[in-house]
Amino acid sequence: MEISASVKAYLALKMAGDPADAPHMVKSREAILAAGGVTRCNTFTKIYLAMVGLYPWDGCPAIPPEIVLLPKWFSFSMYNMSAWSRAMLVPLSIIRTCQPIKPMPTKWQIDELWLGSREKANYRLRRDVRTFTWRNFFLTADTFLKFYDRQGIRFMRKRALKQAERWVIEHGRVPGVWAQFFPRWPIT
């Protein structure tokens, strides 16, 4: 079972009107909980769920839009990533920074997919057992970046968001495609 796909399918079925006590929903819920619950989903799923108020933004990794300002020669330049990664990372950095929420109706909540309860859940990303791994490096960077955001140290944030927005528009397949989803874009 792939937990992220299962959580999204469970939500879709709930939105389609399937009751939570239906046999297939009970079986799905049990499998999701056995796999660790909603906190074990991948980053994309967590961001999707956060956008509809079903997951806390603090449980999503920081994706700083400042990455668009790094020069091409820099180790973590977005141009050292694949084209697909850039196409996902830049829009996600805007979304993650702005943290939009369009809450789902109460009947579509998925609180039953949290181990224990949503309020008591540990939604921190798990570190590797070995100390020096790339995962642990990025988790440490994530902690620093979230601290940076909470402290309001955003001297380059507005410039980075404008540059990220420009990058998305310039590299989109259809000019202005983002405008149909965000008619009152918060950055301009």
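Remark: spin-label model distance C98-K72 equals 2.9 nm, labels positioned 7 Å along the Cα→Cβ axis. Only Cα pairs under 8 Å and 6+ residues apart enter the sum, and on that basis the relative contact order of the chain stands at 24 percent. Surface composition of the stretch 50-159: carbon and sulfur make up 61 percent of the accessible area, probe 1.4 Å. Listed by chain and number, the lysines whose alpha-carbon sits under 28 Å from that of K46, ignoring those within fewer than 8 places in the same chain, are K8, K14, K27, K102, K107, K120, K146, K158, K162.
Heavy-atom accessible area for Y55, with the other protein chains in place and a 1.4 Å probe, reaches approximately 0 Å².
In a simple Cβ point-charge model (Lys, Arg +1; Asp, Glu -1; nothing else charged), the chain has a dipole of about 540 debye relative to its Cα centre.
Taking every DSSP helix (H) stretch of at least 4 residues in the chain, weighting each as -39,500 (n - 2.57) and dividing the sum by the residue count yields a mean residue ellipticity at 222 nm of -14000 deg cm²/dmol.
For the residues S82, S117, S93, a GNM of the chain with alpha-carbon springs under 10 Å puts the largest fluctuation on S82.
Around R29, with a cut-off of 12 angstrom between Cβ atoms, what is the net charge of the other residues, counting Lys and Arg +1 and Asp and Glu -1?
Details: positive: K14, K27; negative: D18, D21, E30, D111, E112.
Summing Lys and Arg as +1 and Asp and Glu as -1 gives -3.
Under 13 Å from a label point 7 Å along Cα→Cβ of F138: give me every residue in the stretch 13-42 with its amide N that close. Once the point is set 7 Å along Cα→Cβ of F138, 42 turn out to lie under 13 Å by backbone N, inside the stretch 13-42. Summing Lys and Arg as +1 and Asp and Glu as -1 over all other residues whose Cβ lies under 12 Å from the Cβ of A164 gives a net charge of +4. Between A34 and R124, the contour length at 0.36 nm per residue exceeds the alpha carbon distance by 30.6 nm.
Treating only the Cβ atoms of Lys and Arg (+1) and Asp and Glu (-1) as charged, compute the dipole magnitude of the stretch 99-149 about its Cα centre; round to the nearest 20 debye.
100
The values are calculated or read from the model by the stated rules, or taken from the named source; none is laboratory data. Treat the numbers as computed from the prediction; the structure is a model and nothing was measured. Methodologically, a virtual Cβ is constructed for each residue, glycine included, from the backbone with ideal geometry; neighbour enumeration extends over all protein chains shown. SASA here: full protein model, heavy atoms, side chains in, ligands and nucleic acids out. Shrake-Rupley method; radii C 1.70, N 1.55, O 1.52, S 1.80 Å.
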